[in-house]
Amino acid sequence: MIDGVIPETVEYEDLLPSALEDSERKAKAAAARTFKVEPGDTLKDGRYRPFRKLGQGSYASVWLARDMEESRYVAIKVGRMSSSSILSNEISSMKLLQEGQVPGHPGKDHVVELLDQFIHERPNGSHICLVTNPLGRSLETALTFDCGKAGQEPAPYAFSRRASIQTLQALDYLHQHGIMHGDVHPGNLLLALTHDIDKDTETEIEAKNQRGNELNLSDEPYWLDEGIYIPESDPTNANVILVDLGASNHPADVPSRKYAYPIPYRAPEVVMDTGNVTCKADIWALGCVIFRIITDIPLFAPEDCCWGMNETEREQMVMFIDRLGPVPEYLRSACKDLDLNLTSDGILVDPLPEDERAEPLAKFFMEYKPEDMGEEEITAFIEFLGLMIRFDPDERSSAQDLLQHRWITDFSVCS
Ligand SMILES: Nc1ncnc2c1ncn2[C@@H]1O[C@H](COP(=O)(O)OP(=O)(O)OP(=O)(O)O)[C@@H](O)[C@H]1O
């Protein structure tokens, strides 16, 4: 909550003439709820001057702004008018971190930090705004566009390993503060900028972007680190920052239905909507994220990715069973609701033909393992992965224990 105040949401639809068609009302309302910047606009009584869009999410847009008071650049996440509870939740978790009692934790440097917060009032409602340091592109973007797919080299293993460890440190930092993230995926892991943009003028910042000056106030977001490709940059210089605490929940070990994991990162208890979702769902998602970072291949990617469709959930459960083995007792009744027939041992009565089944976890990893990973490290990594990717949340390791695992501690790393 911002200083104890959650602004009331004014439903813009209610203010529109009733004669308007439904679709027209919805379009007008959505446009009104979305924050736009006009040249010369400022926020918080002139303190911040936004001049370029950095990102667009479902609940907010993110703007690069000049902080006139501190002579620096900041990123301002401006919530849509209808998203006040999500942004307030995000701020309350970030404040918990600010007040936190875990000094010297390495994860602190890998979680987005709240610099300021305020409410931007508009005639028909308010936008909650939160201010953080400007960051670069996401790991999702970097892995998809910089490496592999575009005919380029996969990310160097030194980079993938470093990014994986930093993500684990970030999550442990949150969990030590009693916060479950609830939306762990590579799109929420941003690369820290590798140069100090505070030394640049606004014109220089635009000039650094190869696509030119007309980016100002454009609706299309651009990354600040455009043109820096991971394989070309020094992996020892890369740092990832976990962002977007909008779906976070605390205390982290109390079951909650507040989470937003994208389909490939959803744990069995999330897929089956058992209601028993705690920070252990973050651990499953972490396992999927690390697998993706290290191999560039998603661990569980159902072909039919439609939210809320039973087919997707059934397909995911079948994949889990193929990769992990029998469904534990506690999930079996939920499987019945999905029309998944299981034997009394928790395996499928009608499995897919052998050549259509997902391979077991270790075998699947061996197919995509990085070339420069040694034998012993491969064994350690498969063991490490198996501590996160487990059906039963109670059997998954905590982030704190994972940090002590030999894959983290025994192999040379540049973190
Ligand atoms: N500090 C930052 N610096 C640069 N870009 C950022 C920063 N924070 C967020 N972004 C960009 O803005 C996008 C939207 O931000 P964010 O994910 O926090 O919004 P959201 O509405 O909560 O998104 P979602 O739809 O994922 O829930 C991010 O994907 C990222 O590309």
- Query: In the stretch 50-81, which residue that is among the hydrophobic types (A, V, I, L, M, F, W, C) and within 6 Å of the ligand (Cβ to nearest atom) is modelled with the lowest pLDDT?
  - Reply: L54
- Matching residues, the stretch 73-88, being farther than 12 Å from S126 by Cα and charged (D, E, K, R): K77
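Residues checked against (1) over 18 Å from G55 (Cα atoms); (2) away from the ligand (no atom under 11 Å from the Cβ); (3) at pLDDT 90 or above:
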residue	(1), (2), (3)
E90	no, no, yes
M94	yes, yes, yes
H110	yes, yes, yes
D116	yes, yes, yes
P123	yes, yes, no
L130	no, no, yes
E140	no, no, no
- What pairs come up if the first residue lies in the stretch 67-86 and is of a type in the set (K, R), the second is away from the ligand (no atom under 13 Å from the Cβ) and assigned to a helix (DSSP H, G or I), and their beta carbons are under 6 Å apart, counting only those six or more places apart or on different chains? R72/D198
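The values are calculated or read from the model by the stated rules, or taken from the named source; none is laboratory data. Every value quoted in this text rests on a predicted model; they were computed, and no experiment measured them. Note that we place each Cβ from the backbone using ideal geometry, even for glycine, and neighbour counts take in every protein chain shown.
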